[in-house]
Amino acid sequence: MTDPASAVASQLRNITAATGRNTDDWYRLVVDTGLTKHGEILAYLKREHGLTHGNANALTHHIRQRATGGPKPAEDLLDAQYAGRKAALRPIHDELVTIARALGDDVTVTVNKTSVSLRRAKQFALIQAPSASRVELGLNLRDVTPTPRLHPTTGMCTHHITLTEPADIDDETARWLQAAYEQGTSDRHAEPES
């Protein structure tokens with residue numbers, strides 16, 4: 001299984017091979033333009049250098065991280081997600097990660113700026129705190145009927161569960177998380193047993 005950092009490194013190597021410019025060359029080129037905002041750099045790379053959106057986006061992230069001293073450590077990102085009024089929600093996140101890690105040795109926890117991705121061969125769940133009052137557990141579940149707690153959604157997940165306190169993480173929550181994990185590498189379409 002390729003982790004996200006390896007995938008980005010591979011993409012940057014492919015950009016170098018395709019363009020003849022390495023990441024140092026691209027960094028100097030962008031710094032010399034004086035552009036600093038993500039959208040400006042992205043548009044510049046696409047417009048002036050003909051990069052695809054995906055390659056321009058990966059390169060823009062790399063350049064901006066380098067300009068600010070590199071990516072932040074995962075723990076710093078997580079602390080920022082649950083700072084201030086969201087601090088009371090951190091135990092919900094921590095319990096969900098504990099349950100996910102217990103599902104198998106192949107679970108990868110990737111902390112992003114505003115969410116935490118739970119992955120196997122692909123993402124099977126996403127944890128985020130969109131407000132100070134709740135944590136959303138997004139799940140990738142195929143052919144599953146919604147319930148009063150399990151709602152269909154769009155975006156990176158097919159369903160989500162709203163959690164407002166640690167007690168909301170019950171056996172049903174764990175079963176849905178396990179079902180998403182099991183579907184993370186298989187073509188199985190079974191709903192979890194009740």
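Coordinate-derived values only; no laboratory data. This one's a predicted model, so the numbers in the text were calculated from it and none came from an experiment. Cβ atoms come from the backbone with ideal geometry, glycine included; neighbour counts cover every protein chain shown.
Descending by average beta-carbon neighbour count within 10 Å, the peptides 144-154, 59-69 line up as 59-69, 144-154, the highest first.
Shape descriptor for the range 28-111: Rg over Rh equals 1.15 (Cα atoms; Rh from the Kirkwood inverse mean 1/r).
Helices in the chain, meaning DSSP H runs of at least 4 residues, each add -39500 (n - 2.57). Divided by all residues, the mean residue ellipticity at 222 nm is -14500 deg cm²/dmol. Determine, at each q value in 0.16, 0.19, 0.20, 0.21 (inverse angstroms), the log₁₀ of I(q)/I(0) that the Debye formula gives when each Cα of the range 75-183 is one equal point scatterer. Listed by q, the Debye log ratios stand at -0.65, -0.93, -1.04, -1.15.
Listed by Cβ neighbour count within 10 Å, with the fewest neighbours leading, 119, 134 appear as 134, 119.
The aspartates and glutamates whose alpha-carbon is closer than 18 Å to the alpha-carbon of residue 113, local same-chain residues fewer than 8 away aside, are 3, 75, 76, 79, 94, 136. Entry note, the range 11-89: relative contact order of 27 percent, from Cα contacts under 8 Å with a spacing of 6+ residues. Computed over the chain, the Cα gyration tensor eigenvalues convert (square root of 5λ each) into semi-axes of 36, 20, 14 Å, ordered from largest to smallest. Residue-wise HN-Hα couplings along the range 96-106, as the Karplus relation 6.51 cos²θ - 1.76 cosθ + 1.60 with θ = phi - 60° gives them from phi, are 4, 5, 4, 4, 5, 4, 6, 6, x, 5, 8 Hz; Gly and Pro carry x.
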